[in-house]
Amino acid sequence: MGESGGPSRPAAGAETPAVTSVILALGSNLGDRRAHLRRGLRGLEPQVLLEATSRLVESAPWGPVADQPDFLNLVVRARTRLNPGQLLELIRQVEAAEGRTRATPQGPRTLDIDIVFFGDSRVHSPTLRIPHPRWRDRSFVARLVPDVAGVMIDPESGRPLADLATAAPLPSDLTEVVPLRLESGARGLP
């Protein structure tokens, strides 16, 4: 609280970080997959505020490790004041809290959270690529992003992400499952 009893304000010259819309893809194929996804979403709060959640789908594993269980996947649109590096660090903490290990690349995992889009940003660093370089290759991401995109724009094509939606049913490699129930958690941004 400020001296007047009202909310305190940033110091003169200090900038409040901008709120950025992000799209995240989540998956789990070990243990209680629904619980991992639910706790993963809760673990992102309050730094990440959920705005829209896609359908929950089941998909076969993607990549070179074929002998593993199917994934439960969903895509969310959220808002955050974190920068991309801070968001990646938070995601890694949340994944680790759910028992995620990185012993086998593209192997089975309790929780996987990818940053697909971060506003209209493009990031190319050794640890992070935004937009996610394989988002179009993963059918659950490509099919579900338009469901949650709102007014977000693909920074590479300049097209609205919602325009990528089609009226076609889900591809045969995706199966819609009973929705994930999310209890309300913290709803404010830091």
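The values are calculated or read from the model by the stated rules, or taken from the named source; none is laboratory data. All values derive from a computational prediction rather than experimental measurement. Neighbour counts are summed over all protein chains in view; Cβ atoms, including those assigned to glycine, are modelled from backbone coordinates with ideal geometry. Surface accessibility is based on the protein's heavy atoms, side chains included, excluding ligands, DNA and RNA. Shrake-Rupley method; radii C 1.70, N 1.55, O 1.52, S 1.80 Å.
Tell me the accessible surface of THR175 in square angstrom (1.4 angstrom probe, heavy atoms of protein chains only), to the nearest ten.
So the heavy atoms of THR175 present about 70 Å² to solvent.
How long is the gain from GLN86 to ARG122 if the chain were fully straight, where each residue apart is worth 0.36 nm and the alpha carbon distance is subtracted?
Full extension from GLN86 to ARG122 adds 11.4 nm.
Using a 1.4 Å probe on the protein chains only, how many percent of the accessible area of the range 28-91 belongs to carbon and sulfur?
48
Which order do the peptides 92-100, 114-122 take when ranked by the mean count of other beta-carbon atoms within 10 Å per residue, highest first?
Going from most to least packed, we get 114-122, 92-100.
So with the 1.4 Å probe, I'd like the accessible area per residue for the range 23-70, rounded to whole Å².
Counting only protein heavy atoms, the per-residue value for the range 23-70 is 41 Å².
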